[in-house]
Amino acid sequence: MIDVPPFLSKPSRKDFLRGAAIAALLPLLPRISRAEAERIGVLEIAPGIFVHVGKYQLVNETNRGDISNPCCIVGSSAVAVIDTSGSFAMGSDLHTAILQITDKPIRYVINTHMHPDHVMGNAAFQAAGTEFVGHYKLPAALYARKESYLTNARERLGEASFKGTEIIPPTVLVKDGLELDLGNRVLTLKARPTAHTDNDLTIFDHPTGTFFLGDLLFSGHIPTLDGSIVGWIKLMPELMQEKADRAVPGHGPKSMPWPDAILPVQRYLTVLATDVRGMIKEGKTIEDAVATAGQSERGKWALFDEHHPRNVTAAFTELEWE
Ligand SMILES: [Zn+2]
């Protein structure tokens, strides 16, 4: 009997359907070469899916807010952009790059959540026929933080990159789920319960099995907590059940295997919650917690000192009311 290597085994019905869906897309896909895409700063990770990889840095004048991973998905009749980076200048560059990739209209700009490094480039995509899509709680979240987000962005980005930056709220809201058809390419959007923020949205591209998680998935760059640590940990198993071939993090490499990609995030949050709960039980203060909780994660993440203290503070404030 001959052992059949796994890659030669009979394709599943799912593989067959995905293969057929990709074959249907191929004649319509962008003509740009991989090398050319790379030159303009976007990497093709699957047919018709391009990701720009942001830097593991805090926003500053030099990086122009280029610290997260905006993406674009090309269908046979339309394009969806997922997140727009951290400034009008970055959004404009991204828009220019997409115009080189495809002549299909950008019908949707999807924001995965409220954070400035994901939404501040929105204004560069304003056009007739372009809808902005977000979680149903995104408008209120943006409205509440508008002034501070704009003031901070101007200060950190400097006038040149900030110029033109506006808060553009969504025109299409996702309450539970929503399907968007780009032509031979259906995306499923899901509004998630409070986790990284209270307005996290995920996007699933069916033809390629690509799962876009925004900041529900970090890799390399330390996760940041601005929603609920309990909610985020609780959401993990549900996210892990998505039958994806690859995942795109909000911060991290262009593409990762799923669900293994999220295991380090699960470990970090679980360690943080366990340490903080223990300290609350022992009557320790928030300052004690900031000094010691989660320190076993030091060295495993970029920007640990920049974000970890705030994560501990957020976790402590949430967990002391349990
Ligand atoms: Zn975020």
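Every number in this text was worked out from the coordinates using simple rules, so none of it is lab data. Remember, it's a predicted structure, so these values are computed and weren't measured experimentally.
Quick rundown of the values:
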| quantity | calculated |
| --- | --- |
| Contact order normalised by residue count of region 194-240, Cα under 8 Å, 6+ apart, percent | 49 percent |
| Under-5 Å amide H pairs with Ala195, H placed in peptide plane, nonlocal only | Asp200, Ser228 |
| Amide H partners (placed H, <5 Å) of Ser219, local residues excluded | His251, Gly252 |
| Residue among Pro170, Pro264, Pro237 with the largest mean-square fluctuation in a Gaussian network model of the chain, springs linking Cα atoms under 10 Å | Pro237 |
| Region 249-322, relative contact order in percent, only Cα pairs under 8 angstrom and at least six apart counted | 36 percent |
| Under 5 Å, built H, 5+ apart or other chain: amide partners of Ser76 | Gly183, Asn184, Arg185 |
| For region 171-179, Karplus couplings with θ = phi - 60° (6.51, -1.76, 1.60), whole Hz, Gly/Pro x | 9, 10, 9, 9, 8, 10, x, 8, 9 |
| DSSP-defined beta bridges in the chain - what % are antiparallel, rounded to 5 | 60 percent |
| Shape of region 250-322, Cα gyration tensor, a/c cut at 1.5 | prolate |
| In degrees, nearest ten, helix 88-101 long axis to first principal axis of the chain (Cα) | 20 degrees |
| Nearest 10 degrees, 0 to 90: helix 13-25 Cα axis against the chain principal axis | 60 degrees |
| Region 25-259, relative contact order in percent, only Cα pairs under 8 angstrom and at least six apart counted | 18 percent |
| Shape category assigned to region 25-259 from the gyration tensor of Cα positions, a/c cut at 1.5 | rounded |
| Anchor Lys243: lysines whose Cα lies under 24 Å away (excluding residues fewer than 8 positions away in-chain) | Lys10, Lys14, Lys175, Lys190, Lys234, Lys254 |
| GNM top mover of Ala37, Ala78, Ala127 - the chain, alpha-carbon springs below 10 Å | Ala127 |
